[in-house]
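Notes follow once the structure below has been shown.
Please treat every number below as a calculation from the coordinates, not as lab data. Everything numeric in this text was worked out from a predicted model, so none of it was measured. A quick note on method: Cβ atoms are made from the backbone with ideal geometry, for glycine too, and the neighbour counts reach across all protein chains shown.
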Amino acid sequence: MRAIEAKTFSGYGALRQTELPKPQPAKGGVLVRVTAAGVTPLDHTILSGGHPRAKAPLVPGNEGAGVVEDAGDSALAVGRRVMFTGPYGVRENGAWQQWLLVRPDDLALVPDAIDDVVAASLPVAYLTAQITLTLAGFKPGMTVLAPGIGGSVGNATYQLARAQGAGKVISTAGGAAKAAKARELGFEHVVDLSAEGLADGVRRITDGKGVDIVIESIGGSVTSEALASLGPGGVLITLGYSAGRRTTIDVTDLIWKRARMEGFSLFAQSPAAVADAWRDIIPLIVGGSVKPIVERVYPLGEAGEALRHLIEDRPFGKVILTM
C-alpha cells in the first residue's frame, strides 16, 4: 500500500512516499480503508524531533476518515464510514497511508451529511474544543476566549461555544488580513494582534470584565496574555505550543482572581468523554450551526508540501490529504 513515511525526524524533507505491507486484521482492531487524513501541528512537532514518545521510522497522521473494511470483533458493520484519532502517528504508524488498523474506541460514525474531507478535519480540533469547554465548566451565557481564529482548535472552540449559547466568544488574528477574513466569515470578536494587545482587546470587548474561560492552543507569550484576560474565578486550559514552550506569567492573575490554569492532552481522555463530546458535536455540524473550514486539500504524495503550507503559510482552516 502507499504510505508517507519519515525515516528520520528531520523536518518536511524527511517525508517520502513508499510502499508498506497492508495491515492485517487483528483482534481488538478495525481495519479502515483511509480516504482522507488531517495534517496537524503535532505532525510537525514529531518530524522536528520534539515529541519524546515518537520514534522513526514512522508514518505520520493523527486523524483521518475512511471506510470499515474488516470490523474484527467489534460491532461495526463493514462498509460504515468512520473518523478517528488516537496515538496514531505518534507511538505507532498513523493515517498517512491507505489502510490503518484502528482501535474501536477511537472510531466515530460519520453521518451521510458530512463528506470524508470534512470528517477527516474534525477529530483532533473538535474533540479538543468540546472536551476542554466541558472540563472548564462551560455554560450558556459565559464569555470564552479561544486565540488563533485561523487555527483548527481556535476556530472549533469559537464555533462550538457560540453554537452552544456563549455570551461572547473572542479570538485573535496575527494580522489585518486574517482579521478581515474572520469578519467576512462571520466571526465578530477577533483581536488583531498587529494593532492591539490580546489582553487590551479582551478588556475592550468585555467592558473590562475579562472572560470566564480561555482555551489556549498557541503557547508562548499568548499564554500569559490570555491568563491576564481572565475574569474573577476564570479557567484557562492550555494545550499547544506552536508559538513557544516557555512563557512568563504574573501569578497575581491566578491569586487575585482565584483563577485556575491546567493542561490538556486529548490522548489522556476516556472513551466515555470522547463519546459524550461526539454526541454534542455531530448534531451541531449536521444542523449547520457549526461549519468546519477546510482551507486546502492535497493528494497523499504531496504530504510534505501540505505540512509546510500549514506551518509556514498559516492558512485559515484545515489542511487535508486525500488518498
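General remarks:
- Trypsin sites (Lys or Arg not before Pro) within region 144-253, DSSP loop, no more than 15 other Cβ atoms inside 10 Å: LYS209, ARG245, ARG246
- Dividing the summed helix terms, -39500 (n - 2.57) for each DSSP H run of n ≥ 4, by the number of residues in the chain produces a 222 nm estimate of -8000 deg cm²/dmol to the nearest 500.
- Extension gain (nm, one decimal) between LYS7 and ARG91, 0.36 nm per residue minus Cα-Cα: 28.8 nm
- Here ALA272 and ARG296 are evaluated by their C-beta separation; at R0 = 35 Å the FRET efficiency comes out at 0.50.
- Remark: relative contact order (region 190-271) = 26 percent; criterion is Cα-Cα distance under 8 angstrom and separation of 6 or more residues.
- Rg/Rh for region 51-143, where both radii come from Cα atoms and Rh is the Kirkwood radius: 1.03
- On the beta carbon distance between ALA195 and ARG246, with R0 = 35 Å, the FRET formula returns roughly 0.85.
- Candidate lysines - alpha carbon under 29 Å from LYS22, same-chain residues fewer than 8 apart omitted: LYS7, LYS55, LYS318
- Taking 0.36 nm per residue of separation and subtracting the current Cα-Cα distance, fully stretching the chain between LEU109 and LYS209 would add 31.9 nm.
- Compared with the direct C-alpha span, the chain from VAL67 to ARG279 gains 74.3 nm at full extension, assuming 0.36 nm per residue.
- 24 Å Cα-Cα reach of LYS257 towards lysines, excluding residues that sit fewer than 8 places from it in its own chain: LYS139, LYS168, LYS209
- Centre separation in Å (Cα based) which lies between region 185-239 and region 148-168: 13
- When only the Cβ of Lys, Arg, Asp and Glu is charged (+1, +1, -1, -1), the dipole of the chain relative to its Cα centre reaches about 280 debye.
- Relative intensity, log₁₀ I(q)/I(0), of the chain from a Debye sum that treats every alpha carbon as a point, q = 0.12 Å⁻¹: -0.79
- Residue exposure sequence - TRP96, TRP278 - by fewest surrounding Cβ within 10 Å: TRP278, TRP96
- Per-selection Rg to Rh, region 169-323 - Cα, Kirkwood hydrodynamic radius: 0.99
- Among the trypsin sites (Lys or Arg not before Pro) in region 1-62, those placed in a DSSP loop whose Cβ has at most 12 other Cβ atoms within 10 Å are LYS7, LYS27, ARG53, LYS55.
- Descending semi-axes in whole angstrom, ellipsoid equivalent of region 1-90, from the Cα gyration tensor: 26, 13, 12
- A Förster radius of 45 Å combined with the Cβ-Cβ distance from LYS55 to THR322 puts the calculated FRET efficiency at roughly 0.95.
- Separation in nanometres of the label points that stand 7 Å from Cα toward Cβ, at GLU188 and LYS22: 5.2
- Rel. contact order, % - alpha carbon contacts under 8 angstrom, at least six apart, region 125-266: 21
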